[in-house]
Amino acid sequence: MTAIADIPAQSDWKDTATARITRKRLIAFSAPLVILTYFVYLFFAFDISGLAGRARMDNAAVLVADSYSYKTHVTHDNRRGDLSIAIEGENKGTYPDGMTPDFVTLTGESTARIALTAGESAKIDGATLRYSVPGYGTVTVTVEGRKISLVTPDDTVPDWISSSSSRVTITGKGGRASVTRARTEVFRYSYGWELFWFTLDSPFYGKSPVELLGLALSGDRVVADKSNFAAMVDGVWNNAMWRHKDVLWAIFETILMAFLGTMGAAIIALPLAFLAARNFSPFIAVRFGFRRLFDFVRGVDGLIWTIILSRAFGPGPLTGALAILLTDTGSFGKMFSEALENVDDKQIEGIQSTGAKPLQRYRFGVIPQITPVLLSQVLYYLESNTRSATIIGAITGGGIGLLLTQAIITQKDWEEVSYYIVLIILMVMLMDWISGMLRRKLIKG
Amino acid sequence: MTEKALGPDIENPRLREVREAYAAMTRTKQMYGGIVMVVFVALMASGFMLADSRNAGGFWDGILNIFIFPGEVLSEAAGKATLLPGLMVKFFPSLIETINIAAASTLVGALLAIVLSLLSTRGLARFPRLIPVFRRMMDISRAVPEIVIALVLIFILGSGPVPAMIAIAFHTSGALGKLFSEVNENASMKPIEGLQSVGANWTQRMLLGVIPQVAPNWLSYALLRFEINIRASAILGFVGAGGIGYDLKNAFSWGLGRYDEVAAIFILLFLTIVFFDQLSSHYRNKLVGKT
């Protein structure tokens, strides 16, 4: 009898199984197809084919080259007639009188010989530049009054020299030179982040780590009123080229934004979450009101809060902290109230049976139950907000985000950009590590 | 009465010992709790004062001005209320671009995350020796804020949606990769062993053995990420990556006179975020089997 009853059921199973397999097969084929179609649509919507034309690969080359090398400018001012040597052509990186890098030999008041790489060399002799390329000869560029004359060994202009009446540019394999009426300049590229520790005016410039260690331990003072070690720290900290002081302050400001915002949001959201939780808030209207408030604050999004707040508070870390605080109050309120709805009533009843007042019931019956959830969420958000604080800083103007945007806008200090990027990544990884460690320690132990 | 109550205490020194030890433990715990609390409050207070002093406008001045800008926007929007629907239609294409950036970056990021997570899960990895390498790769891509890559790529590729898409996809691949590999670790090895016993290669084992098990959880995380990425793509627009954020920046920096556009964009953005928030939480609950 059971067998007879089973037969139609079994054939039913077979049908459902076949139907399900057909459906799965359909999904398996259609899902990639849909994704592919979407990508084809995006190809046109994002104008990918036009992208190749707009891409500035020369910018990319400059960016990559700049991030691991620097150039030294040897400049002859053709109007005043003086010669100067400066790293990246910046005032802060100008070699003081009597000090030259080892590839420049000063032979007179306004004459210098510059050894470039790849066997090339250049000679500045007043308003005349002689640029020698092995296997080709010497190119001579002279500025005479308003005229710039170019003489090449074979009297033709090769494609690595661009020449016009107002400017001659030579792009060799081992260096570059540019001559205008105002100045004759030779650029030499070298590897590394020059002046990262000490600037040229520091007595510690150009010393090897071993020499520095010896100086730090010795009692002979290089700077009169400071011990050598203090002078070194001061030299690095107040480095005008790399601005370590400002950069570290900016990193600290970014972390401060994340910390204040996250913790402030948690402190505000916790009491509000009680009012929004089903089992703690007796009035439906209050509950509904707070839930919608959380949804609203979350829905308005950090971007809009940032804009509104930056109008009221101006640029700075406080604005960023408040923007994070507002957005996360919504997220925390929602998560905390969900956690509160899942608490076990038994513990609260147990505490109540000992005659505890409502506040004590919350403190000893509820808080211990939700602490792990709460802490792990707060710590997770702390890490993620360090990243948000970088972005918010770029919008409101504060912290490392501001420095990064400024360095990118100048479009030349790419070594600084790479320095900031490295610092940002290290900062986020540090926060990730701290938050992970605290989570493991506080929640398990 | 009291003597009687104290009686067993005196008789049983062991009990007293336990009680004293418990009281001492409670005291130390309370003390530690107190110290942590004091340090925390001090950190918050000094941090707040420091942030306040380094801010261009102070907190107490600002808090009074907080409603000025929203007030200006609201009054101008109310004055031109009839124009708002038209403006919303005008900015709709940019909104679509913002959503497209988010969707594309979530898709690309999720596809990368699938590969990375499978390669870095113990037991599933194609090259078990390279697990730490792939893990570090995910850590680094997770640590890079989107804005860093976006700004650098905008310099090379020019303003537009592609830099934002690449930037968000890069971050997404790390963030999702970590979550995906946690999911993978809970996958049952039996189907994989079964497939291996009939000679399936690595790709087949992953496609037929792992993915059917973990796909619902993956999808649920990807939906959550999509929601986060919509916000991210709106923000990146503000620093020059196209989409609705870019329009918002233009209207905002124009100042008074274009605040009706600001209001329209605020409304569009708010509705979009709430819509996708609800949509993703609905489907996530469905996928993970909660009601």
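The values are calculated or read from the model by the stated rules, or taken from the named source; none is laboratory data. Remember, it's a predicted structure, so these values are computed and weren't measured experimentally. Please note: Cβ atoms are built from the backbone with ideal geometry, for glycine as well, and neighbour counts cover all protein chains shown.
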Practice prompt. Would you please list the contacts, defined by Cβ atoms under 6 Å and residues six or more apart or on different chains, that run from a residue in the range A:254-265 that is more than 10 Å from chain B (Cβ to nearest Cβ) to a residue that is charged (D, E, K, R) and crowded, with 24+ Cβ neighbours inside 10 Å?
Written response: A:Ala265/A:Asp328
Discussion item. Tell me which helices (runs of 4 or more DSSP H) are completely within the range A:285-383 and hold 3 or more residues being surrounded by 18 or more Cβ atoms within 10 Å (Cβ to Cβ), within 14 Å of another protein chain (Cβ to nearest Cβ) and in contact with a Leu (Cβ under 8 Å, 6 or more places away or on another chain), or say none if there are none.
Written reply: A:317-341
Discussion item. Going residue by residue through the range A:61-80, is there one that turns out to be among the hydroxyl-bearing types (Ser, Thr, Tyr), in a loop (DSSP other than H, G, I, E, B) and either over 26 Å from the mean Cα position of the chain (by Cα) or within 14 Å of another protein chain (Cβ to nearest Cβ) (or both)?
Written reply: no
Discussion item. Quick check on B:Ser141: is it buried (at least 20 other Cβ atoms within 10 Å of the Cβ) and touching a His at 6+ places or on another chain (Cβ under 9 Å)?
Written reply: yes
Worksheet item: Scanning the range B:241-268 for residues that are free of Cβ contacts under 8 Å to residues at least 60 places away in the same chain and within 22 Å of B:Val162 (Cα to Cα), which turns out surrounded by the fewest Cβ atoms within 10 Å (Cβ to Cβ)?
Response: B:Asn250
Practice prompt. Working carefully through the options A:Ile409, A:Ile424, find the one that is of a type in the set (A, V, I, L, M, F, W, C), more than 8 Å from chain B (Cβ to nearest Cβ) and within 30 Å of A:Tyr68 (Cβ to Cβ).
Written response: A:Ile409
Worksheet, complete the sentence: Residues in the range A:397-406 that are more than 10 Å from chain B (Cβ to nearest Cβ) and at positive phi total 0
Practice prompt. Please state which one of B:Ala51, B:Ala45 is assigned to a helix (DSSP H, G or I), within 29 Å of the chain's Cα centre (by Cα), at pLDDT 90 or above and within 12 Å of chain A (Cβ to nearest Cβ).
Written response: B:Ala45
Item to complete: Determine, yes or no, whether A:Glu120 is surrounded by fewer than 16 Cβ atoms within 10 Å (Cβ to Cβ) and either more than 22 Å from A:Trp160 (Cβ to Cβ) or charged (D, E, K, R) (or both).
Response: no
Worksheet, complete the sentence: Every listed condition ((1) within 10 Å of another protein chain (Cβ to nearest Cβ); (2) in a helix (DSSP H, G or I); (3) of a type in the set (A, V, I, L, M, F, W, C)) holds for B:Ala56 save (2)
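Residue by residue, here is whether (1) β-branched (Val, Ile, Thr); (2) in contact (Cβ under 8 Å) with a residue 24 or more places away in the chain holds:
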| residue | (1), (2) |
| --- | --- |
| A:Val74 | yes, yes |
| A:Arg79 | no, yes |
| A:Ala86 | no, no |
| A:Arg113 | no, no |
| A:Leu116 | no, yes |
| A:Gly126 | no, yes |
| A:Pro134 | no, no |
